[in-house]
Amino acid sequence: VSAICGLIIVGAYQGTYDAVAANKRIAMERAVFKVVPAAKAIEEYYALAGGSIAKAGVETPAGAVKFFAAYDDAGQLVGVAAEGGAKGYADTVRIMFGYDPACQCVRNIGVVAMRETPGIGDKILTDKAFLENFGELDARLNADMATLAHEIKTVKHGSKTDAWQVDAIAGATITSRAVGKAINDTAQALLPKLVPNLDKIGSKS
């Protein structure tokens, strides 16, 4: 009985793997277009540990950070999208955020996956004041382009004073902090590799 059940489970997994992967891919692409609204086409890249940029392949190289370059109808870069994750109240909150090279700032966020409390944690997608944090969230690099000039950090609701701070949602502080940490961690890993190489993805190949 155990062997038969095992075979059924393995067969079901293998039979649905391609469909699940395709659905995840579609969801990811939708998130990219949401956070970079001007995008008409996207291409997937890796920012490599050595500081170079490469087209994404089947396997992610060690130390690489995946991102999406977004292009307009003319094939010109209009933004970059990247995924990040951090521990929320119930589980890891995985988000997609848009980076605008023109202002060196984060514009727009979307949720890739989360299991936060309905009506509380999901306010990160509905609370207008919270979403205003990502109209132009400062993500500039420091002078030597080795790290962010200022850590992106979530602060207590109503206490935001700087453009790199995220004003938390009252009653959903833990989820708000997860969003800020997810953006900061990914930006710290990605932008020092990406920004010096923007010319390599400036137009659609």
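If the condition is being more than 19 Å from ILE26 (Cα to Cα) and in contact with a strand residue (DSSP E or B) (Cβ under 9 Å, 6 or more places away or on another chain), then the range 109-131 contributes ARG115, GLU116, GLY121, ASP122, ILE124, LEU125, ALA129, PHE130, LEU131.
Residues of the range 56-72 that are open to solvent by 40 Å² or more (accessible area, probe 1.4 Å), under 18 Å from the mean Cα position of the chain (by Cα) and over 17 Å from ILE95 (Cβ atoms): THR60, GLY63. So which of THR175, THR186 ends up being in contact with a Phe, Trp or Tyr (Cβ under 7 Å, 6 or more places away or on another chain), polar (S, T, N, Q) and within 18 Å of MET96 (Cβ to Cβ)? Residue meeting the stated conditions: THR175.
Scan the range 58-79 residue by residue and report those that are within 18 Å of ASN184 (Cβ to Cβ) and touching a helix residue (DSSP H, G or I) at 6+ places or on another chain (Cβ under 7 Å). Within the range 58-79, VAL65, PHE67 meet the criteria.
Report yes if ALA163 is touching a His at 6+ places or on another chain (Cβ under 9 Å) and open to solvent by 10 Å² or more (accessible area, probe 1.4 Å), otherwise no.
Details: touching a His at 6+ places or on another chain (Cβ under 9 Å): yes; open to solvent by 10 Å² or more (accessible area, probe 1.4 Å): yes.
Yes; evaluated as a whole, the condition is true for this residue.
Of the residues making up the range 172-205, those that are farther than 17 Å from ALA81 by Cα and open to solvent by 70 Å² or more (accessible area, probe 1.4 Å) are ILE174, ARG177, SER205.
Please verify whether the range 73-93 includes one or more residues that are of a type in the set (Phe, Trp, Tyr) and open to solvent by 10 Å² or more (accessible area, probe 1.4 Å). Within the range 73-93, one or more residues are of a type in the set (Phe, Trp, Tyr) and open to solvent by 10 Å² or more (accessible area, probe 1.4 Å). Do any residues in the range 49-65 that are in contact (Cβ under 8 Å) with a residue 12 or more places away in the chain have Cβ atoms under 6 Å from those of residues that are surrounded by fewer than 13 Cβ atoms within 10 Å (Cβ to Cβ), where the two are at least six apart or on different chains, and which pairs are they? Close Cβ pairs satisfying both conditions: ALA49/GLY63. Within the range 159-174, the set of residues being at pLDDT 95 or above and either at positive phi or among the hydroxyl-bearing types (Ser, Thr, Tyr) (or both) comprises SER159, THR161.
The values are calculated or read from the model by the stated rules, or taken from the named source; none is laboratory data. The structure presented is a predicted model; accordingly, all values stated were derived computationally and were not measured. Quick reminder, even Gly has a Cβ in these numbers, built from the backbone with ideal geometry, and neighbours come from all protein chains shown. Each accessible area value is taken on the protein alone, full model and side chains, heavy atoms only, with ligands, DNA and RNA left out. Shrake-Rupley method; radii C 1.70, N 1.55, O 1.52, S 1.80 Å.
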